[in-house]
Amino acid sequence: MAVDMRLPTFRSDSRSNSLFDRKVNKDLVVPGDVITTDTGFMRGHGTYLDDDKLTASVAGEVERVDKLICVKPLKTRFNGEVGDVIVGRITEVQQKRWKVETNSRLDSVLLLSSVNLPGGELRRRSAEDELTMREYLQEGDLISAEVQSVYADGALLLHTRSLKYGKLGQGVLVQISPSLIKRQKTHFHNLPCGASIILGNNGFVWLYPTPGQQDEEAGGFYTSLEPVSLSDREVISRLRNCLLALSAHKVLLYDTSVLYCYEVSLSQQVKDILKPEVMEEIVMMTQQKLIEHEG
């Protein structure tokens with residue numbers, strides 16, 4: 001049996017001297033930190049007043065919008081907004097609705113009237129459709145959907161009325177903090193390395209082989225069960241380890257950062273990416289490429 005042994009190495013904390021950290025650290029607070037003593041600011045989420053001093057009640061990043069100050073927690077449950085793309089798992093089939101786990105405080109709701117019928121039929125849902133709900137989606141199925149509205153108690157109402165949403169087939173689910181997902185116009189990306197990625201705003205990231213022609217008659221419920229080639233599985237495994245490396249070093253995840261990390265990691269074996277010293281080297285090179293790209 002092969003044994004992997006590594007000697008301890010001295011690693012200087014070079015990240016603390018980076019331009020990125022110098023820019024961000026001044027806006028990071030922990031509970032009890034005084035944000036400002038100016039009484040002209042309004043109190044937002046994550047703050048409270050203590051002797052006319054605006055104080056942080058959670059650990060996170062200070063956000064200022066005009067005169068409103070709030071603290072965005074670095075580690076929190078998903079607070080959905082209308083239009084967010086999510087990846088979730090069906091937990092329960094109820095009357096005319098499915099309950100979906102979306103990493104939020106409450107289970108989200110997907111109504112039977114909010115999904116496409118197979119074949120794209122446009123008609124009222126009947127009692128027969130209600131009896132065959134498990135043929136569409138059953139417990140344990142993974143789906144991609146969009147937030148249609150938010151209930152008063154914070155629960156999310158979802159819909160899949162588009163061919164890009166629906167049941168997910170073969171792939172890998174990676175769970176990370178929702179605060180690391182960068183909001184973009186599109187969260188569905190076909191990467192040039194041969195795999196596709198869905199960056200859910202709720203912190204659930206789905207990696208899967210880039211599909212060929214999509215069957216529009218399926219209405220979003222068809223999932224390919226064809227065997228995935230070894231090369232595609234290696235690409236997906238490398239991307240999965242790259243995502244874990246970036247999230248461990250608190251780097252924002254979007255298509256460019258994931259692709260740069262993938263390209264940098266090609267010099268390493270897939271299993272070596274998660275070694276601490278290799279992970280740190282890959283993430284630092286990725287951050288350098290991102291700074292050059294943005295500059």
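The values are calculated or read from the model by the stated rules, or taken from the named source; none is laboratory data. Keep in mind the model is a prediction, meaning the values are calculated, not measured. No Cβ is skipped: glycine too gets one built from the backbone with ideal geometry, and neighbour counts run over all protein chains shown. Protein only, heavy atoms only, side chains kept; ligands, DNA and RNA dropped before computing areas. Shrake-Rupley method; radii C 1.70, N 1.55, O 1.52, S 1.80 Å.
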Open item on the list: Pairs please, first residue from the range 254-278 and farther than 13 Å from Arg238 by Cβ and open to solvent by 50 Å² or more (accessible area, probe 1.4 Å), second anywhere and of a type in the set (Val, Ile, Thr) and at pLDDT below 90, Cβ atoms under 7 Å, 6+ apart in sequence or on different chains.
Closed with: Glu277/Thr9
Task: Inter-residue pairs, beta-carbon under 7 Å, first over 13 Å from Lys72 (Cα atoms) and in the range 40-57, second of a type in the set (D, E, K, R), 6+ apart - done: Gly40/Lys67; Phe41/Lys67; Met42/Lys67; Leu49/Arg43; Leu54/Arg43; Thr55/Asp33
Open item on the list: Please go through the range 43-82 and give me each residue that is within 25 Å of Gln184 (Cβ to Cβ), open to solvent by 20 Å² or more (accessible area, probe 1.4 Å) and assigned to a strand (DSSP E or B), ordered by number.
Closed with: Glu61, Glu63, Arg64, Val65, Leu68, Cys70, Lys72, Pro73
Open item on the list: I need the full set of residues from the range 171-187 which are assigned to a loop (DSSP other than H, G, I, E, B), touching a residue at least 12 places away in the same chain (Cβ under 8 Å) and surrounded by fewer than 16 Cβ atoms within 10 Å (Cβ to Cβ), in order please.
Closed with: Lys182, Arg183, Gln184
Task: Index of the failed condition, Glu226 passing every other in (1) at pLDDT 90 or above; (2) of a type in the set (Asp, Glu); (3) closer than 20 Å to Val172 by Cβ - done: (1)
- [ ] Say whether the condition of being touching a residue at least 24 places away in the same chain (Cβ under 8 Å) and not in a helix (DSSP H, G or I) is met by at least one residue in the range 126-136.
- [x] no
- [ ] Check off (1) closer than 30 Å to Gln170 by Cβ; (2) open to solvent by less than 70 Å² (accessible area, probe 1.4 Å); (3) part of a strand (DSSP E or B) for Arg89 and give me the number that stays unchecked.
- [x] (2)
Open item on the list: Condition (residue is at negative phi and at pLDDT below 90) applied to the range 236-243: is it met by at least one residue?
Closed with: no
Open item on the list: Here is a list: Gly60, Gly32, Gly44. Which entry is touching a helix residue (DSSP H, G or I) at 6+ places or on another chain (Cβ under 9 Å) and modelled with pLDDT of 85 or more?
Closed with: Gly60
